[in-house]
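The values are calculated or read from the model by the stated rules, or taken from the named source; none is laboratory data. All values reported here derive from a predicted model rather than from experimental measurement. Glycine gets a Cβ as well: all are built from the backbone with ideal geometry, and neighbour counts include every protein chain shown.
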Amino acid sequence: MEHSYGLSIPRTLDEACDPDRLALIVYDMQVGVLNQIPDADQVVAKVVQTVEAAREGGFRVFYLRHMGIPNEVSGSARLRTAMLWQRLDKVAEVVPMFLRDSPGFELDPRLTPSSAEMVFDKITMSAFVGTPLELVLRDCAIDSFAIVGVAMEVGIEPTCRHAADLGFLPIVVADACGAGHQGAAERSLESLRFAGDSLITDTETICPLLSAGGK
């Protein structure tokens, strides 16, 4: 740990894995999202393993869910993206996805937040836009987080890049992050590695550190 100007600056994974400064973010592990991931069962198993380790070590756990909104209250950017993703030419053909209380919106039943954990809903790709996540983390004196979930190339990379600009240290648990397009996911990871403001690890490495509570 580097100490300077009254700050403790973590540079390695084991230095960052302190429950006083790190939380776990579980990103979009929803039924309707996982249905689009070819290796969903393996991803769920890795995420569950990481959550259990974080609980054992006393780390705070936050879940994000992607929430769709009806077409009637969607703006032009949202409708344009929906047409692109659904490969449509007409707004009238867009089917709103992940509406609140729809079956696909719910978290996978193998991931049940405890009474001591929090779920935030979002309508953006970055977990920090339009949610209380930043406020809650800062109020808890959290300055770093490990992130697991789906999808690497759609939401996890934007969340990590945004978080770094906000002054957080993101830690990507790569084998606990699923993808809809493996090639795009690999490019996202390489881009994060190149930028250097995120740490990249795997469940085998981080879970013992989480279980031990940073000791």
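Can you spot a residue in segment 168-179 that is at pLDDT below 95 and in contact with a Gly (Cβ under 7 Å, 6 or more places away or on another chain)? No: zero hits.
Checking each residue in segment 91-122 for being at pLDDT 95 or above, of a type in the set (A, V, I, L, M) and closer than 15 Å to ARG65 by Cβ picks out LEU107, LEU111, MET118, VAL119.
For segment 69-92, the set of residues classified as surrounded by 13 or more Cβ atoms within 10 Å (Cβ to Cβ) and over 20 Å from LYS122 (Cα atoms) consists of LEU88, VAL91, listed by residue number.
Do you know which of the residues in segment 22-61 that are part of a loop (DSSP other than H, G, I, E, B) and in contact with a strand residue (DSSP E or B) (Cβ under 6 Å, 6 or more places away or on another chain) is surrounded by the most Cβ atoms within 10 Å (Cβ to Cβ)? Explain how you work it out, then say what you get.
Of the residues in segment 22-61, the ones part of a loop (DSSP other than H, G, I, E, B) are 28-29, 35-39, 58-59.
Still in the running and in contact with a strand residue (DSSP E or B) (Cβ under 6 Å, 6 or more places away or on another chain): 28-29, 37, 59.
Numbers: ASP28: 24, MET29: 27, ILE37: 17, PHE59: 25.
Only one residue tops the list, namely MET29.
All of VAL136, VAL95 fail the test of being in contact with a helix residue (DSSP H, G or I) (Cβ under 9 Å, 6 or more places away or on another chain) and aliphatic (A, V, I, L, M), apart from VAL95. For segment 82-101, the criterion of being closer than 24 Å to VAL136 by Cα, in contact with a Cys (Cβ under 9 Å, 6 or more places away or on another chain) and either in a helix (DSSP H, G or I) or of a type outside the set (S, T, N, Q) (or both) is satisfied by no residue at all.
If the condition is being within 19 Å of GLU15 (Cβ to Cβ), touching a residue at least 24 places away in the same chain (Cβ under 8 Å) and not in a helix (DSSP H, G or I), then segment 175-215 contributes ASP197, SER198, LEU199, ILE200, THR201, ASP202, ALA212, GLY213, GLY214.
All of (1) more than 17 Å from ALA176 (Cα to Cα); (2) of a type in the set (A, V, I, L, M, F, W, C); (3) at pLDDT 95 or above; (4) touching a His at 6+ places or on another chain (Cβ under 8 Å) hold for ILE9 with one exception: (3).
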